[in-house]
2 protein chains.
Amino acid sequence: MDDDVILLDFWVSVFGQRVRIALAEKGVHYENREENPQNKTPLLLEMNPVHKKIPVLIHQGKPVCESNIIVQYIDEAWHDKSPSLLPSDPYLRAQARFWADFVDKKVYEAGKKIWATEGSEQVAKKEELIEVLKVLEGQLGEKPYLVGESFGLADIALIPFSVWFHAFGKMTMNMNIERECPKLAAWVNRCMEREAVSKSLPHPHKIYEFDQKKKKGQ
Amino acid sequence: MDDDVILLDFWVSVFGQRVRIALAEKGVHYENREENPQNKTPLLLEMNPVHKKIPVLIHQGKPVCESNIIVQYIDEAWHDKSPSLLPSDPYLRAQARFWADFVDKKVYEAGKKIWATEGSEQVAKKEELIEVLKVLEGQLGEKPYLVGESFGLADIALIPFSVWFHAFGKMTMNMNIERECPKLAAWVNRCMEREAVSKSLPHPHKIYEFDQKKKKGQ
């Protein structure tokens, strides 16, 4: 195993998926250990005693927590491996951090509400999510990626949610990203052409099935 | 004015105070423009259309938003000026980001609940805040600063709240940081010996007065 790298992960987690993408982009070999959120291992509790959450990247025995922070760590710890996951210009680096943070504060929160609701309430929450996605559509503009000209931190923060959008589309909500945010939909396809992305994300059907089972208490 | 730097700020904001400290540490000259949260200027709405909040650092006409991101930007844009506000080691950099994020997620949220409550409910919220501060007391241990050996991002994230703690002490809650978290209290004094810190923070009495006036609707 290169460099002694372990990822404590849970396949359905968008946060775990970010770390998987970053490691795959850099070509870092690692051991993936699947955690069960209902029955956390002593290793997880020892490595992330503050939040007790996956993902945790354990590099040479030392834990790094919080997905956007882990992605930046991967970029810095393996700075000699390309591609760079952050631009070199300070202003663009700040932009990348800003949009990654926006995804956590707005996309995740709006998406979580959709999972937690049903019927007409869910439709209202879908509208909120679309408003948030339109902000990202505006930021994307005519650029290939969210910040600068290269795939990086902000794209990695957002792309795992694209699998949710597909699952939302299958739910009763008739959510259609292609129609609402065509540039963002093209961006999803562009990201998915990267092997590091497509191989790190589960199939939307699996996420949908997982959600259906969870709602039935299985 | 060095480098054309403007800070959109509000004196009572712990987030604005972080940016003031970082600029003072680096010796960057800037123009401070006081915003009124009840009557935001067109410049603020133009420079931070997403969150519409201070602080915003405008450097050569380009805005950077979100206080912890601004502090990292300052460190990178003026990397030739000492001191460094982040360590050079990738693991310690991740730690600095983790604890700065912890302050936002836990200290700020716990502190906000204290401002928003009164009486016995406020006492319960005070206990929650003390539990959070004890986590920071544990992280501090015998070190002079929160991460590594030098004052930096995580310290800058937390130190503005020390003024709140004094204000909380003056409220009916009998909150005594010296008794509950002696290492953290010594850390506050250590930080306050830095001119960049002490000159960037308002006097606790002013914060207490501001809160009292706000509660009376003045």
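Could you check region A:99-131 and list, in sequence order, the residues that are in contact (Cβ under 8 Å) with a residue 24 or more places away in the chain, within 14 Å of another protein chain (Cβ to nearest Cβ) and open to solvent by 20 Å² or more (accessible area, probe 1.4 Å)?
Within region A:99-131, A:Asp101, A:Asp104, A:Lys106, A:Tyr108 meet the criteria.
Find the residue count for region A:12-48, including only residues that are in a loop (DSSP other than H, G, I, E, B), within 27 Å of A:Lys214 (Cβ to Cβ) and open to solvent by 70 Å² or more (accessible area, probe 1.4 Å).
The total comes to 4.
Those residues that are in a strand (DSSP E or B), at the interface with chain A (Cβ under 10 Å from one of its Cβ atoms) and over 17 Å from the mean Cα position of the chain (by Cα), I need them from region B:54-79; list them, please. Don't jump to the end; show me each part of the working.
Of the residues in region B:54-79, the ones in a strand (DSSP E or B) are B:56-59, B:62-65.
In the following step, the residues that additionally are at the interface with chain A (Cβ under 10 Å from one of its Cβ atoms) were identified as B:57, B:59, B:62-65.
B:His59, B:Lys62, B:Pro63, listed by residue number.
So which residues in region A:81-138 are over 20 Å from A:Glu180 (Cα atoms) and among the polar types (S, T, N, Q), if there are any at all?
A:Ser82, A:Ser84, A:Ser88, A:Gln95, A:Thr117
Could you grab me the full set of residues in region B:83-97 that are at the interface with chain A (Cβ under 7 Å from one of its Cβ atoms) and either modelled with pLDDT under 95 or surrounded by fewer than 24 Cβ atoms within 10 Å (Cβ to Cβ) (or both)?
Those that are at the interface with chain A (Cβ under 7 Å from one of its Cβ atoms) and either modelled with pLDDT under 95 or surrounded by fewer than 24 Cβ atoms within 10 Å (Cβ to Cβ) (or both): B:Pro90, B:Tyr91, B:Arg93.
Considering only region A:94-138, how many residues are among the hydroxyl-bearing types (Ser, Thr, Tyr) and in contact with a Gly (Cβ under 8 Å, 6 or more places away or on another chain)?
Going through region A:94-138 one residue at a time, the tally reaches 0.
Need the failing condition index for B:His51 against (1) more than 9 Å from every other protein chain (Cβ to nearest Cβ); (2) more than 18 Å from A:Tyr73 (Cα to Cα); (3) open to solvent by 20 Å² or more (accessible area, probe 1.4 Å); (4) not polar (S, T, N, Q), just the number.
(1)
Can you pull out every residue in region B:181-216 that is open to solvent by less than 50 Å² (accessible area, probe 1.4 Å), touching a residue at least 40 places away in the same chain (Cβ under 8 Å), not β-branched (Val, Ile, Thr) and not in a loop (DSSP other than H, G, I, E, B)?
B:Leu184, B:Trp187, B:Cys191, B:Ala196, B:Pro204, B:Asp211, listed by residue number.
The values are calculated or read from the model by the stated rules, or taken from the named source; none is laboratory data. None of the values given here were measured: they were computed from a predicted structure. All Cβ positions, even for glycine, are placed from backbone atoms using ideal geometry, and neighbour counts span all protein chains on display. Side chains included, ligands, DNA and RNA excluded: accessible areas come from the protein's heavy atoms. Shrake-Rupley method; radii C 1.70, N 1.55, O 1.52, S 1.80 Å.
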